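I have placed the structure first, in the form of C-alpha cells, so that the comments after it can refer back to it.
The values are calculated or read from the model by the stated rules, or taken from the named source; none is laboratory data. Every value quoted in this text rests on a predicted model; they were computed, and no experiment measured them. With ideal geometry, Cβ positions are generated from the backbone for all residues, glycine too; neighbour counts draw on all protein chains shown. What goes into the accessible areas is simple: the full protein's heavy atoms, side chains included, and nothing from ligands, DNA or RNA. Shrake-Rupley method; radii C 1.70, N 1.55, O 1.52, S 1.80 Å.
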Amino acid sequence: MIHSIKVGISLVLVSLLYLLDPLYEQVGENAMWAIMTVVVIFEFSAGATLSKGLNRGMGTIVGGGLGCIIAILAQKLSGGVGSNYYILIAGISIFIFGAIATYFRTFPSIKKRYEYGVMIFILTFNLVLMSVVREEQQVWEIARDRLLTILIGFIISISVSFFFFPLWSSDQFHCSTLSNFQQLAYAIQGCLEDYMRFANNEKENEEAATTNFTFCKSLMNSKAKDELLASYAKWEPWHGKFGFSYPWQNYLKIGDLNRDLAAIILALRTCLQASKKPMELQSWSETIQLIEPCCEEIGSNVMWTLKELGESMKQMRKIHASQISTNLKASRAEISMVVMMNIFTFNKIATLSILNNNYDEDDNNASQLAIASFLFLLKEVVNKVEELTKEVEQLGDIACFPTHIQL
C-alpha cells in the first residue's frame with residue numbers, strides 16, 4: 001500500500017509538467033521523458049529505485065553524448081544530415097555500438113548491476129542518431145532537453161522514495177537473514193523430535209513437519225532473491241544501522257551456508273522417512289534408547305547456537321565465541337560417544353542373535369545403515385553450524401560490532 005501510494009504521488013507530481021501551462025512552456029513535448037522515467041525507475045525499495053535511476057542516468061549521458069559526437073562527425077564527413085553518406089555512417093555506428101553493448105550485457109558482473117544502464121545506452125544512442133534526421137533542432141539541443149526532463153523525473157522519484165516512508169532493501173535483507181536462523185533452529189528441533197517419535201512408535205507431528213520441510217525448500221530457492229537484495233542494498237545511502245561499505249557480501253556467504261544447512265535438514269528428513277522399516281526391528285529400538293539422550297543434547301546445543309547467532313546479528317554485537325565453541329565441542333564429543341555406543345550395541349545384539357540361532361544379516365545391516373545415516377547427517381549439521389559461527393564472527397569483525405559488554 002505504501003509503495004502504491006508513493007508511485008501515485010510521483011506520477012501526479014511529474015504530470016504537472018504537462019498539466020500546468022508555465023511548466024509545459026519550458027519543457028514542451030519532452031515532458032513525456034520525465035513521465036517515462038518515473039514509470040520505469042520507481043521500484044519497491046529506495047535502493048532499487050536509486051540503482052535504476054543511476055543506471056538510467058549513466059546510460060542516457062553516455063549514450064546521448066556518444067550519439068551527439070557520432071552525429072556531428074557524420075554531418076561533417078557527409079556534408080549534411082539527409083545525405084546517403086550520413087545514413088550509411090549512422091547505420092554502421094548503430095550496428096557496431098549496439099552489438100558491442102549487447103555483448104557486454106552478457107557478462108555476469110555487468111548483468112548483475114548495470115544491465116538496465118546498458119539497455120538505456122543502446123536506446124538513447126539509437127534515438128539521438130535517428131532524431132537528428134527528422135527534427136529541425138540541433139543535436140546538442142535535443143540531447144540537452146531530453147536529459148533535463150529525465151533528470152526531473154529522476155529527482156521526483158528519488159525524493160518521494162527516500163523521504164516519504166522509505167522502504168530499504170538493506171532492512172529487508174537483514175531481517176530475512178535473522179529469520180532464517182530462527183527457522184532453521186526450529187527445523188532441526190522438529191526433525192530430531194520426529195525421529196525420536198518414530199523410534200518410540202509414536203505418531204508424527206505432521207503439521208510441524210510439513211512447515212519445517214516447506215521452509216527448507218523455500219530457503220533452498222532464495223539465492224537469487226538474496227543476491228538482488230544485496231545488490232540494491234549496496235546502492236543505498238547511510239541510514240539507521242547500515243553505513244557506507246557495509247559488508248553485504250558476508251551476508252551472501254551466510255545465506256549460502258544457511259542453504260547448505262537447509263539441504264542437510266532435508267536429507268535428515270528423507271532419512272527419517274526411509275528409516276521407518278528399520279525402526280520396527282529390535283536392534284533399532286534397543287540402540288535408540290541408548291542414543292536418545294545424547295541426540296537431544298546435540299540438538300539442544302545446535303539450536304542454542306543458531307539462536308545465539310541470530311540474536312547477535314539482530315543486536316549487531318559480537319557473538320559469545322567461547323561459549324559457542326564449548327557447545328560445539330560438547331556436540332562433537334556426544335556424537336563420538338553415540339558412534340561408540342552404536343558399534344558396541346550392534347555387536348552385542350549380533351553376538352546374542354548368533355548364539356540363539358536367530359541372526360538375520362539383512363535386518364542387522366538395515367538397522368546399522370539407518371543409524372549410521374542419521375549420525376552422519378547429525379555430524380554434518382554440527383560442522384555446518386561451526387562454519388556459520390566463523391562467518392558471523394568474521395562479519396562482526398568487519399562491521400566493527402561491539403562486544404556484549406561494550407553494548
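Details
- Gain upon complete extension [Lys253, Lys217; 0.36 nm per residue less C-alpha separation]: 11.1 nm
- Across Lys112/Lys329; Lys52/Lys223; Lys111/Lys253, pairs whose alpha-carbon gap is larger than 32 Å: Lys112/Lys329
- Computing FRET efficiency as 1/(1 + (r/R0)^6) for Met316 and Ser83, where r is the C-beta to C-beta distance and R0 is 51 Å, gives about 0.20.
- Distance in nm between pseudo-label sites at Ala333 and Met58 (7 Å out along the Cβ direction from Cα): 5.4
- Heavy-atom SASA rank of His239, His3 (probe 1.4 Å, accessible area, largest first): His3, His239
- Glu115/His3 FRET efficiency (R0 25 Å; Cβ-Cβ; nearest 0.05): 0.65
- With all protein chains kept in place, the per residue accessible area of the stretch 1-97 amounts to 52 square angstrom at a probe of 1.4 angstrom.
- Efficiency of FRET from Cβ geometry, His239 and Gln323, R₀ 45 Å, rounded to 0.05: 0.85
- Distance between modelled label sites at Gln394 and Glu292, nm, 7 Å Cα→Cβ extension: 4.1
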